[in-house]
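Please read the structure below before turning to the comments.
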Amino acid sequence: MPEIPDLEAIRGFLNQRLPGQRIERAEALIPVVFRVPKDDLIQTLEGNALGMTERRGKFLLFGLESGHLLVINAMLTGRFQYLRPEVKRRARTCLALGLANGWELRYVDERLMGKVYLTTPERLMEVPQFAEMGPDALGVSEEEFTQRLRRFTGQIKSALVNHRFVAGIGNAYADEILFAARLHPYRKRTTMTGDDISRLYAAIGKVFAWATPIVAGQMREELNYEERRDFLKMHRRGGEPCPVCGTRISEITAGQRITSFCRTCQPG
Ligand SMILES: [Zn+2]
């Protein structure tokens with residue numbers, strides 16, 4: 001699932017290339033992901049020019065010259081591509097935009113769980129999940145973070161990945177953040193001290209500032225992004241030695257969610 005470092009790197013990549021590019025051709029190829037009538041989408045996109053791409057939580061918002069926003073929630077398997085048009089399309093290519101500069105912007109979604117909306121800044125809150133979403137995990141102040149956290153009484157990892165608390169953190173980076181903050185993922189929020197919460201808040205900024213340039217460095221001239229997270233220190237490293245203390249990393253699967261942590265560095 002794309003999380004803040006992935007989406008920030010993609011946003012940076014696209015903002016160096018897309019603004020001002022006219023969309024010469026729009027193809028809506030797999031209807032199930034579109035939350036707007038296909039004809040409206042094509043009609044609005046063709047001839048329009050792209051502006052800046054922004055991010056809110058796990059959504060990317062593509063600005064358009066007409067004032068519209070193309071909003072994409074990539075969910076688990078949505079991927080963005082910026083390729084030459086002759087590069088063979090993957091089977092689950094949902095949207096392809098042929099740009100005036102000769103490149104093609106694509107949205108591909110293996111499990112077709114993502115959603116594509118067409119809206120305006122005024123109507124953004126009508127996009128499902130937008131209104132309920134908490135502040136972005138990258139921009140929230142420590143004061144607001146601390147206040148909002150008080151509403152959650154369960155395990156701290158569950159709060160971190162809950163977009164109603166703060167938006168943009170998923171399962172993988174939650175493990176990294178908790179490791180950096182030396183907090184056990186199943187720690188009850190109600191047992192956390194002020195110092196624990198401060199460490200957690202600081203860890204979010206630290207982990208994203210560390211990871212985003214690494215992800216961005218994986219992108220070259222084209223964007224054909226597959227999540228490569230072999231640089232993560234904790235997530236999915238079960239059985240390997242902890243990079244800090246050497247203890248064997250624990251890995252627990254609950255529901256569909258894998259949680260990796262170090263019992264020594266994250267004692268409770
Ligand atoms: Zn450790």
Quiz item: Is it fair to say residue 77 is closer than 28 Å to residue 260 by Cα, open to solvent by 60 Å² or more (accessible area, probe 1.4 Å) and among the β-branched types (Val, Ile, Thr)?
Solution: no
Exercise. Please determine, by comparing only the residues of region 245-268 that are of a type in the set (S, T, N, Q), more than 21 Å from residue 162 (Cβ to Cβ) and open to solvent by less than 60 Å² (accessible area, probe 1.4 Å), which one is nearest to the ligand (Cβ to nearest atom).
Key: 247
Quiz item: Restricting region 221-244 to residues that are open to solvent by 60 Å² or more (accessible area, probe 1.4 Å) and not acidic (Asp, Glu), which is farthest from the ligand (Cβ to nearest atom)?
Solution: 224
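For region 166-189, give me the residue count where each residue is open to solvent by 10 Å² or more (accessible area, probe 1.4 Å) and closer than 9 Å to residue 156 by Cα.
Total meeting the criteria: 5.
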Practice problem: Starting from region 237-250, keep only residues that are farther than 19 Å from residue 171 by Cα, then list their pairs with residues that are more than 10 Å from the ligand (Cβ to nearest atom) whose Cβ atoms are within a distance under 7 Å, requiring at least 6 positions of separation or different chains. | Solution: 248/239
Quiz item: Just to be sure, is residue 178 within 16 Å of the ligand (Cβ to nearest atom) and part of a helix (DSSP H, G or I)?
Solution: yes
Practice problem: Would you mind telling me which numbered condition in (1) at pLDDT 95 or above; (2) outside any helix (DSSP H, G or I); (3) away from the ligand (no atom under 16 Å from the Cβ) residue 159 fails? | Solution: (2)
Quiz item: Is one or more of the residues making up region 88-95 buried (at least 21 other Cβ atoms within 10 Å of the Cβ) and not aliphatic (A, V, I, L, M)?
Solution: yes
Practice problem: Examine region 45-52 for a residue that is buried (at least 18 other Cβ atoms within 10 Å of the Cβ) and more than 27 Å from residue 5 (Cβ to Cβ), and state whether such a residue exists. | Solution: yes
Quiz item: Out of (1) touching a Lys or Arg at 6+ places or on another chain (Cβ under 8 Å); (2) of a type in the set (D, E, K, R); (3) open to solvent by 30 Å² or more (accessible area, probe 1.4 Å); (4) modelled with pLDDT of 95 or more, the odd one out for residue 195 is which?
Solution: (1)
Exercise. Give just the number: which of (1) open to solvent by 20 Å² or more (accessible area, probe 1.4 Å); (2) away from the ligand (no atom under 16 Å from the Cβ); (3) assigned to a loop (DSSP other than H, G, I, E, B); (4) touching a helix residue (DSSP H, G or I) at 6+ places or on another chain (Cβ under 8 Å) does residue 206 not satisfy?
Key: (3)
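Please determine, by comparing only the residues of region 106-126 that are more than 17 Å from residue 2 (Cβ to Cβ) and in contact (Cβ under 8 Å) with a residue 24 or more places away in the chain, which one is surrounded by the most Cβ atoms within 10 Å (Cβ to Cβ).
118
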Quiz item: In this structure, does residue 83 turn out to be touching a strand residue (DSSP E or B) at 6+ places or on another chain (Cβ under 7 Å), at pLDDT 95 or above and under 21 Å from residue 228 (Cα atoms)?
Solution: yes
Practice problem: Go through (1) touching a residue at least 60 places away in the same chain (Cβ under 8 Å); (2) within 25 Å of residue 254 (Cβ to Cβ); (3) within 23 Å of the chain's Cα centre (by Cα) and name the single condition residue 138 misses. | Solution: (2)
Self-check item: Top-ranked residue of region 90-105 - restricted to ones that are touching a residue at least 24 places away in the same chain (Cβ under 8 Å) and in a loop (DSSP other than H, G, I, E, B), ranked as nearest to residue 1 (Cα to Cα)
Solution: 92
Quiz item: Are any of the residues in region 129-145 modelled with pLDDT of 95 or more, in a helix (DSSP H, G or I) and either within 16 Å of the ligand (Cβ to nearest atom) or out of contact with any Phe, Trp or Tyr (no Cβ under 7 Å at 6 or more places or on another chain) (or both)?
Solution: yes
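The values are calculated or read from the model by the stated rules, or taken from the named source; none is laboratory data. Predicted model, so just to flag it, every value in this text is computed and none were measured. Positions of Cβ are generated from backbone atoms using ideal geometry, with glycine treated the same way; all protein chains shown enter the neighbour counts. Accessible surface areas use protein heavy atoms only, side chains included; no ligands, DNA or RNA. Shrake-Rupley method; radii C 1.70, N 1.55, O 1.52, S 1.80 Å.
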